[in-house]
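Below is one structure, written out as structure tokens; the observations come after it.
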């Protein structure tokens, strides 16, 4: 029987993983993340491409961390839902997403 391998001392908080070590609220998006987000803004609907990319270009970097996180979550939604939220055909499921959709449509010049 062999002894378990010893690891280096860990100065992180107990229970935190490496992926938890960064503070999402205190970081600005870097160019790699912006590139990934720009790619995710490419949708199956040209109208959504324009709306989402315009928001990313004009407001994302200066938005609050909570709004940035909401935008990341919105990009995980299906195109018809995002389209319906932006046109006011369906209410966004949370107040946070509703506020984000209002910002996205405002960035586009006031889509209804």
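No lab work stands behind these numbers, since they all come straight from the coordinates. Treat the numbers as computed from the prediction; the structure is a model and nothing was measured. Positions of Cβ are generated from backbone atoms using ideal geometry, with glycine treated the same way; all protein chains shown enter the neighbour counts.
Below, the figures for the structure above:
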read-out: Residue list for the range 73-97, filter: within 14 Å of the chain's Cα centre (by Cα) and surrounded by 14 or more Cβ atoms within 10 Å (Cβ to Cβ); value: 74, 75, 77, 82, 96, 97
read-out: Residue 70 vs. criteria exposed (fewer than 15 other Cβ atoms within 10 Å of the Cβ) and part of a helix (DSSP H, G or I); value: no
read-out: Residues satisfying the stated conditions in the range 73-87, i.e. assigned to a helix (DSSP H, G or I) and within 15 Å of residue 51 (Cα to Cα); value: 74, 79, 80, 81, 82, 83, 84, 85, 86, 87
read-out: Residue 90, sole failed condition from (1) free of Cβ contacts under 8 Å to residues at least 60 places away in the same chain; (2) in contact with a helix residue (DSSP H, G or I) (Cβ under 8 Å, 6 or more places away or on another chain); (3) part of a helix (DSSP H, G or I); value: (3)
read-out: Which listed residue, of 51, 56, is under 11 Å from the mean Cα position of the chain (by Cα) and under 13 Å from residue 108 (Cα atoms); value: 56
